[in-house]
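Chemist: Okay, here's the structure, questions in a sec.
Every read-out reported here was derived from the displayed coordinates using simple, explicitly stated rules and does not represent laboratory data. Computed from a predicted model, the values in this text were never measured in an experiment. Here Cβ is always computed from backbone atoms with ideal geometry, including for glycine, and neighbour counts include all displayed protein chains.
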Amino acid sequence: MASATYTTRALVLRKTKLGESDLIVTLLAEDGSQLRAVAKGARKPASPFAARLELYSVVDLLCSEGRNLDIVKEARIVASHERLRRDLEHAACAAPIAELLDRMTQAGLETPRLFALTEAALTRLDAAEPSQAPALCAACLLKALAFCGLRPSLSTCVGCGAEVALGRPDELVFVSYREGGIVCPSCRASVEAVGISAGTVAWCRALLGSTFDEVVALKVDPSASFAVLRFCQEWIREHVGAPLKSLTFLFTSGLF
Ligand SMILES: [Zn+2]
């Protein structure tokens, strides 16, 4: 009996070698679930899959259901996002997005809007000046965390619910990664919290509340974007598990 086939649009998050010439492709499917499928012979130079299942590209797939992993039968490129593989700065800022989605998504678990968000972020990143790449990366990480139910509380105190006003950008605001966000002065004694600059919290709020076009228009300085990315890394360490290797690489890369 022939196995069932299906079509889906998906975004390539990761490629893993399998055997002599096959690939396991981890993808974000259009419904926000994770899809892992085998592309047979994909590592042979003459394979029709060779240039069609590239990291960060959006593809239309025809797959057949397998006993363990599904099998890719056909792949057609919808958006290549070629610059995200070619240019070092762009690649370094696309990798944390793919790594976070690989970690947070699951087979059979739909997350509405996550695919559209990621596709929009990678398309904007592909067209962006290198200096704006860290801000786009940070905005996408924060939004993806929010879509997956891990939105930090950046306006009200996680201890008492009071609105927390931000002072000058260089003043400290206290944050409890474990409790889920910022902590007001009255609750600081009872909640374990660390100080980060009010400017960083303000940038986190701005990036969460902006479209990707608006993020580019904000012209965020890379150092401010890096401060937000460090906030993201601590947040991910607390709520997703281990820190992102690709963010650790970005911090030590000397890029930007
Ligand atoms: Zn409080």
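Chemist: Let me know the Rg and Dmax you get for the stretch 55-186 when you use only its Cα atoms, in Å.
Modeler: 18.9, 60
Chemist: Measure nothing but the geometry: give the 0 to 90° angle between the long axis through the Cα atoms of 133-147 and the longest principal axis through the Cα atoms of the chain, rounded to 10°.
Modeler: 90
Chemist: Let me have the relative contact order for the chain, percent, based on Cα pairs under 8 Å that are six or more residues apart. Please list the in-between numbers first.
Modeler: On the way: 474 pairs, mean separation 40.2, N = 256.
Computed value for the chain: 16 percent relative contact order.
Chemist: Out of residues 5 or more away from SER197 or on other chains, whose amide H comes under 5 Å of its own, with H placed 1.01 Å from N in the peptide plane?
Modeler: Residues meeting the criterion, in which the H sits 1.01 Å from N, are VAL173.
Chemist: Mark the label point 7 Å from the Cα of LYS219 along Cα→Cβ and return the residues of the stretch 117-136 whose backbone N is within less than 17 Å of it.
Modeler: It comes to 128-136, nothing else.
Chemist: A further question on this structure: Which value at 222 nm does the chain reach when only helices count, each DSSP H run of 4 or more adding -39,500 (n - 2.57), with the total divided by all residues and rounded to the nearest 500 deg cm²/dmol?
Modeler: On the way: 8 runs with 94 residues, N = 256.
Estimated from H runs of four or more residues: -11500 deg cm²/dmol.
Chemist: Give me the distance in nm between label points sitting 7 Å out from Cα along the Cα-to-Cβ direction at PHE256 and GLU20, one decimal.
Modeler: Spacing of the two 7 Å Cα→Cβ label points: 4.4 nm.
Chemist: Taking the Cα-to-Cβ direction at GLU74 and at ALA107 and moving 7 Å from each Cα, how far apart do the two end points lie in nm?
Modeler: 2.5
Chemist: Right, here's the next one. First measure r as the distance between the Cβ atoms of ALA4 and THR156, then evaluate 1/(1 + (r/R0)^6) with R0 = 51 Å and state the FRET efficiency to the nearest 0.05. Can you show the working numbers first?
Modeler: Details: r = 48 Å, r/R0 = 0.94.
My answer for the efficiency is 0.60.
Chemist: Another one. Filter LYS15/LYS44; LYS40/LYS143; LYS17/LYS143; LYS44/LYS245; LYS15/LYS219 down to the pairs with a C-alpha to C-alpha distance above 25 Å, please. Walk me through the numbers before you get to the answer.
Modeler: Working: LYS15/LYS44 14 Å; LYS40/LYS143 34 Å; LYS17/LYS143 31 Å; LYS44/LYS245 29 Å; LYS15/LYS219 33 Å.
Violating the 25 Å limit, Cα to Cα: LYS40/LYS143; LYS17/LYS143; LYS44/LYS245; LYS15/LYS219.
Chemist: Here's a follow-up. What do the square roots of 5 times the Cα gyration tensor eigenvalues come to for the chain, in whole Å, largest first, as semi-axes of the equivalent ellipsoid?
Modeler: On the way: eigenvalues 276, 77, 42 Å².
They are 37, 20, 14 Å, listed from largest to smallest.
Chemist: How high is the relative contact order of the stretch 5-79, given as a whole-number percent (alpha carbon pairs under 8 Å, six or more residues apart)?
Modeler: 32
Chemist: Another one. Normalise the Cα radius of gyration of the stretch 5-79 by 2.2 N^0.38 Å (N = residues in it) and let me know the number. Mind showing how you got there, number by number?
Modeler: Working: Rg = 10.9 Å, N = 75, 2.2 N^0.38 = 11.3 Å.
Normalised by 2.2 N^0.38 Å, the Cα Rg of the stretch 5-79 equals 0.96.
Chemist: Under 5 Å between amide hydrogens, which residues at least 5 positions from ARG9 or on another chain qualify, with H placed 1.01 Å from N in the peptide plane?
Modeler: GLU30, LEU61
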